[in-house]
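Engineer: Supplied in structure tokens, the structure appears directly below.
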Amino acid sequence: DWNPGSIIEEQVARIREQIGGDEVICGLSGGVDSAVAAALVQRAVGEQLTCVFVDHGLLRKDERRQVEEDFVAATGVRLVTVDAREQFLGHLEGVTDPEEKRKIIGREFIRVFESTAARLVEESRTDDIPGEIKFLVQGTLYPDVVESGGGTGTANIKSHHNVGGLPEDMKFELVEPLRALFKDEVRAVGRELGVPEVIVSRQPFPGPGLGIRIIGAVNEERLAILREADAIAREELTAAGLDSEIWQCPVVLLADVRSVGVQGDGRTYGHPIVLRPVSSEDAMTADWSRIPYDVLAKISNRITNEVEEVNRVVLDVTSKPPGTIEWE
Ligand code: XMP
């Protein structure tokens, strides 16, 4: 039967067989999955691994710092950070269709990994590194595969950025040691590998980031609004001790919707923010979390007071199915 130790042993052997003596890069998102995948590959091939953190401009507050500090401190892994904000936001300009956003983000991730791999090879010409880096590690989980239509007989619900969102001309060979696992199993493997608890117990956050939490076109201004609202919601949920009770709480900006409000003596005409707290075992199904009213009230008051462009906060009370956890 299942135990993290045997999964690690099995995957380490498979990774060594696949990669041999070659170099490999791993995209780190700040989430649990990519961190555990990286830790497994590091266990298997050590110094042959370089991690790449892509700042695509769709990150939450403080995310970049957390990866740069927490993960590197815990694992000692070699980390390269790439500022690709202009590249991603440029390609996303004016795009409103959810699948199109996902495809663009998935594609640009790969383009960044390709250019970074080429640069790393260039920089180390004098060493024994072979002429290319052909392996890319991804923290793809079983539910990502199923919901992107890669499983057997399942519908294509949405293209997870590291499955259905990959460009067809990609040349990397993928290393995906978590492909058969569910999130709770990934967390158990991570703990066994010594990945710090702050990372292992972190709530899921999608690779496409805030890009799929803005309903409408993505731009800097809208991202700034959502980032503030999201930071407030997270702060209050944490302060209320609810982090381990809920699976995650997407905060969504309805960027093309406006409603009338009042502030002081004046009329406002602002955007709604949606709170989407969910409880789940594996993200395949979910229920909306019964957050105490006083916590919701605090979040709502703070967001409408502190984020100027937002004049209304609404709660999503839909289970999955029929809703999905993310709005796009
Ligand atoms: P949905 O919206 O499909 O989300 O009910 C299920 C879980 O997957 C996360 N999610 C993603 N994670 N890349 C990821 O790494 C993605 O493209 C992606 N899309 C959704 C979502 O946050 C939830 O935990």
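Engineer: Could you give the length gained by full extension between Thr318 and Ala73, i.e. 0.36 nm per residue of separation minus their alpha carbon distance, to one decimal place?
Structural biologist: 84.3 nm
Engineer: Hand me the GluC sites (Glu not before Pro) from the stretch 131-216 located in a DSSP loop with no more than 11 other Cβ atoms within 10 Å, in residue order please.
Structural biologist: For GluC sites (Glu not before Pro) across the stretch 131-216 that sit outside H, G, I, E and B with at most 11 neighbouring Cβ atoms in 10 Å, the list reads Glu168.
Engineer: Helix-only mean residue ellipticity at 222 nm, the chain, DSSP H runs n ≥ 4 weighted -39,500 (n - 2.57), per residue, nearest 500. What is it?
Structural biologist: Computed ellipticity for the chain at 222 nm equals -12000 deg cm²/dmol.
Engineer: List the lysines whose alpha-carbon lies under 21 Å from that of Lys183, not counting same-chain residues fewer than 8 positions away?
Structural biologist: The qualifying lysines are Lys158, Lys320.
Engineer: Sum up the charges of everything whose Cβ sits under 13 Å from the Cβ of Arg187, counting Lys and Arg as +1 and Asp and Glu as -1, but leave Arg187 out.
Structural biologist: -4
Engineer: Need one number: % antiparallel among DSSP beta bridges in the chain, to the nearest 5.
Structural biologist: For the chain, the DSSP antiparallel bridge percentage is about 35.
Engineer: Shifting gears a bit: Projecting each Cα onto the charge dipole of the stretch 213-315 (Lys/Arg +1, Asp/Glu -1 at the beta carbon, about the Cα centre), which of Ile214, Ser280, Gly264 comes out farthest on the positive side?
Structural biologist: Gly264
Engineer: Given the C-alpha centroids of the stretch 28-47 and the stretch 63-117, what is the distance between them in whole angstrom?
Structural biologist: After rounding, the separation between the Cα centres reads 16 Å.
Engineer: Mind checking which of Glu93, Glu108, Glu176 has the largest fluctuation in a GNM of the chain, springs on alpha carbons under 10 Å?
Structural biologist: Glu93
Engineer: What is the sum of charges around Asp83, taking Lys and Arg as +1, Asp and Glu as -1, for the other residues whose C-beta is under 10 Å from the C-beta of Asp83?
Structural biologist: 0
Engineer: What's the longest uninterrupted piece of the chain once you rule out the trypsin sites (Lys or Arg not before Pro) that are loop residues per DSSP with at most 16 other Cβ within 10 Å?
Structural biologist: 172-257
Engineer: Rounded, prolate or oblate: pick one for the stretch 218-328, where a ≥ b ≥ c are the square roots of the eigenvalues of its C-alpha gyration tensor, a/c under 1.5 means rounded, and failing that, prolate if a/b is larger than b/c, else oblate.
Structural biologist: It comes out prolate by the Cα gyration axes.
Engineer: At R0 = 30 Å, how high is the FRET efficiency between Ser115 and Ser279 if r is their beta carbon distance? Nearest 0.05 is fine.
Structural biologist: With a Förster radius of 30 Å, E is 0.15.
Engineer: Let me ask you something else. Rounded, prolate or oblate: which one fits the stretch 4-200, using the alpha carbon gyration tensor with axes a ≥ b ≥ c (rounded when a/c is under 1.5, else prolate when a/b beats b/c, else oblate)?
Structural biologist: Since a/c stays below 1.5, the shape of the stretch 4-200 is classed as rounded.
Engineer: Starting with the fewest neighbours, write out Asp22, Asp256 ranked by other beta-carbon atoms found within 10 Å of each beta-carbon.
Structural biologist: Asp256, Asp22
Engineer: Hey, what did the stretch 4-200 get for relative contact order, percent, Cα under 8 Å, at least 6 apart?
Structural biologist: Once divided by the residue count of the stretch 4-200, the mean separation gives 29 percent.
Engineer: Could you compute the net charge surrounding Pro321? Neighbours are other residues with a C-beta less than 12 Å from the C-beta of Pro321; K and R count +1, D and E count -1.
Structural biologist: Net charge in that neighbourhood comes out at -1.
Engineer: Nearest 0.05, what FRET efficiency do Asp169 and Glu122 give at R0 = 30 Å with Cβ-Cβ as r?
Structural biologist: Calculated transfer efficiency: 0.90.
Engineer: Further question: Please state the shape class of the stretch 145-229: rounded when a/c is under 1.5, otherwise prolate if a/b exceeds b/c and oblate if not, all from the C-alpha gyration tensor.
Structural biologist: Oblate, because a/c is 1.5 or more while a/b does not exceed b/c.
Just so you know, all these numbers are worked out from the coordinates, no wet-lab data involved. All of these numbers come straight from a predicted model, not from anything done at the bench. For neighbour counting, all protein chains shown are included, and Cβ atoms are generated from backbone atoms with ideal geometry for every residue, glycine included.
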